[in-house]
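Okay, structure first, notes after.
Every read-out reported here was derived from the displayed coordinates using simple, explicitly stated rules and does not represent laboratory data. Keep in mind that what you see is a predicted model, and the values were worked out from it rather than measured. We place every Cβ from the backbone using ideal geometry, glycine too, and count neighbours over all the protein chains shown.
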């Protein structure tokens with residue numbers, strides 16, 4: 001049985017990790033080495049490619065953090081959850097939903113959708 005909450009929490013932790021060593025640890029624990037990520041704006045493959053995406057988002061939005069919106073759910077090797085990106089003290093202006101495919105209990109593939117993005121973001 002897949003612990004969807006743990007998958008989503010580990011995923012969000014990666015996007016919020018500001019230190020390279022912490023990101024590398026989270027990638028090693030939660031993501032396969034052959035993992036891929038794709039959304040309408042970017043794509044990354046493997047730990048190096050995914051870490052570069054995370055770092056790029058952090059540079060673009062240095063004062064923003066990811067938070068889960070609601071609970072993750074899933075079945076079999078698939079997990080779905082929604083998230084928000086914004087300052088700690090306010091509702092996030094950016095929201096999305098990600099679909100995760102697991103292999104051996106680790107993230108193999110993420111397909112992301114942007115549900116709300118303000119103009120100019």
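Do you know which residues across the stretch 73-91 are surrounded by 16 or more Cβ atoms within 10 Å (Cβ to Cβ) and touching a helix residue (DSSP H, G or I) at 6+ places or on another chain (Cβ under 7 Å)? If the condition is that a residue be surrounded by 16 or more Cβ atoms within 10 Å (Cβ to Cβ) and touching a helix residue (DSSP H, G or I) at 6+ places or on another chain (Cβ under 7 Å), then 74, 79, 81, 83 are the ones that fit. Take the conditions within 23 Å of residue 120 (Cα to Cα) and either in contact with a helix residue (DSSP H, G or I) (Cβ under 6 Å, 6 or more places away or on another chain) or surrounded by fewer than 15 Cβ atoms within 10 Å (Cβ to Cβ) (or both) and apply them to residue 70. Does it pass? When the stated conditions are applied, residue 70 does not pass them. Annotation: residue 9 fulfils all but one of (1) over 28 Å from residue 120 (Cα atoms); (2) in contact with a helix residue (DSSP H, G or I) (Cβ under 8 Å, 6 or more places away or on another chain); (3) surrounded by fewer than 16 Cβ atoms within 10 Å (Cβ to Cβ); the unmet one is (2). Give me the residue from the stretch 33-59 that is in contact (Cβ under 8 Å) with a residue 60 or more places away in the chain and buried (at least 19 other Cβ atoms within 10 Å of the Cβ) and, out of that set, farthest from the chain's Cα centre (by Cα). In this case the residue turns out to be 35. Of the residues 94, 107, the single one that is under 21 Å from residue 29 (Cβ atoms) and either free of Cβ contacts under 8 Å to residues at least 60 places away in the same chain or surrounded by 14 or more Cβ atoms within 10 Å (Cβ to Cβ) (or both) is 107. Listed conditions (1) more than 16 Å from residue 14 (Cβ to Cβ); (2) within 15 Å of the chain's Cα centre (by Cα) are all met by residue 72, apart from (1).
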